[in-house]
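The values are calculated or read from the model by the stated rules, or taken from the named source; none is laboratory data. For clarity, every value in this text was computed on a predicted model and none was experimentally measured. Quick reminder, even Gly has a Cβ in these numbers, built from the backbone with ideal geometry, and neighbours come from all protein chains shown. Heavy atoms of the whole protein, side chains included, go into the accessibility calculation; ligands, DNA and RNA do not. Shrake-Rupley method; radii C 1.70, N 1.55, O 1.52, S 1.80 Å.
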Amino acid sequence: MHLLITGGTGLIGRHLIPRLLQLGHQVNVVTRDVAAARDKLDPRVMLWSGLNQQTDLNGIDGVINLAGEPIADKRWTEQQKQRLCESRWQITEQIVSLIHASRTPPAFLISGSATGFYGDTGELVVTEDDPGHDEFTHTLCDRWEQLALKAESPNTRVCLLRTGVVLAKEGGALAKMKLPFKLGVGGPIGSGKQYLPWIHIDDMVNAILWLVDNRQLRGPFNMVAPYAVRNEQFAATLGHVMHRPAFMRTPASAIKLMMGESAVLVLGGQHVLPKRLEESGFGFRWYDLQEALQDVAGSSSHPS
């Protein structure tokens with residue numbers, strides 16, 4: 001297939017694209033910085049310097065939309081909130097407009113979202129059937145999803161990726177999580193009771209490929225491992241596989257002081273289940289947290 005990807009130089013894109021190439025697909029990546037993307041991506045990838053009204057999607061079989069400014073990198077000022085929204089909403093609107101303008105539109109749009117759609121759900125177990133709480137992350141993700149769903153037609157199906165914390169060897173949230181453990185000050189955050197929905201990068205990539213290949217699938221999919229864990233369990237397991245202490249609890253007040261409103265990203269949580277993925281027949285490789293963290297964060301130089 002001939003595929004178009006946005007956000008191709010991000011964590012998920014950098015792992016997905018080699019698999020797509022390996023499977024024989026042609027890959028085009030939309031990027032704002034062609035030179036930087038060329039340094040990061042396989043030379044077989046064709047780079048597009050943005051989208052405009054003249055962009056032709058008639059030769060594109062499918063679109064995978066992963067673009068969006070990282071949500072946890074900066075404090076949530078009103079200006080930053082707007083940037084977070086616009087970096088997701090604008091390119092999704094562009095893609096949908098181009099799909100509608102196509103004589104032969106892409107057969108699918110797989111578009112990003114996040115478990116933040118549900119907001120802070122506490123002890124409640126949530127699946128794709130549950131509505132989100134009315135807070136910033138829900139507003140951001142709900143609008144993002146509604147824009148993508150406008151591409152739905154008899155010719156184009158839309159799948160939505162409600163993604164949890166993606167665990168990979170380099171980059172992503174795990175890189176930030178590992179730092180305090182390396183310094184010997186790792187441990188639970190706040191109460192430690194909040195749930196952390198996670199997924200290994202291999203399962204993330206395989207699940208996207210599953211959605212590409214199974215033409216009957218559409219709508220939202222929780223991209224999370226089947227067994228969510230609490231923050232304190234995650235911290236203890238990460239400390240174990242890194243052979244570092246994990247008892248230095250960071251008070252919620254300190255997190256709120258550092259992060260402001262965005263502290264909800266680590267002090268809140270969701271007990272999310274991948275109901276629709278599992279019902280579709282997808283099989284997870286990484287469902288045990290310790291095994292997953294051992295793969296992406298473990299040290300082979302120490303005994304287990």
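Numbers for the structure displayed
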| read-out | value |
| --- | --- |
| Selection within the range 56-80 - in contact with a helix residue (DSSP H, G or I) (Cβ under 8 Å, 6 or more places away or on another chain), open to solvent by less than 30 Å² (accessible area, probe 1.4 Å) and more than 20 Å from residue 20 (Cβ to Cβ) | 76 |
| Breaking point among (1) free of Cβ contacts under 8 Å to residues at least 12 places away in the same chain; (2) open to solvent by less than 50 Å² (accessible area, probe 1.4 Å), for residue 38 | (2) |
| Yes/no for residue 97 being open to solvent by 30 Å² or more (accessible area, probe 1.4 Å), among the hydroxyl-bearing types (Ser, Thr, Tyr) and within 24 Å of residue 199 (Cα to Cα) | no |
| Selection from the range 154-173 of residues that are in a loop (DSSP other than H, G, I, E, B), out of contact with any helix residue (DSSP H, G or I) (no Cβ under 8 Å at 6 or more places or on another chain) and either within 30 Å of residue 103 (Cβ to Cβ) or hydroxyl-bearing (Ser, Thr, Tyr) (or both) | 154, 155 |
| Residue in the range 41-55 that is surrounded by the fewest Cβ atoms within 10 Å (Cβ to Cβ), counting only those that are touching a Leu at 6+ places or on another chain (Cβ under 7 Å) and modelled with pLDDT of 95 or more | 44 |
| Residues within the range 137-195 that are within 26 Å of residue 86 (Cα to Cα), small (Gly, Ala, Ser) and open to solvent by 20 Å² or more (accessible area, probe 1.4 Å), tallied | 5 |
| Filtered residue count, the range 207-241, keeping only those that are part of a helix (DSSP H, G or I) and under 24 Å from residue 151 (Cβ atoms) | 7 |
| Subset of the range 69-100 [assigned to a helix (DSSP H, G or I) and either under 21 Å from residue 166 (Cα atoms) or hydroxyl-bearing (Ser, Thr, Tyr) (or both)] | 84, 85, 87, 88, 92, 97 |
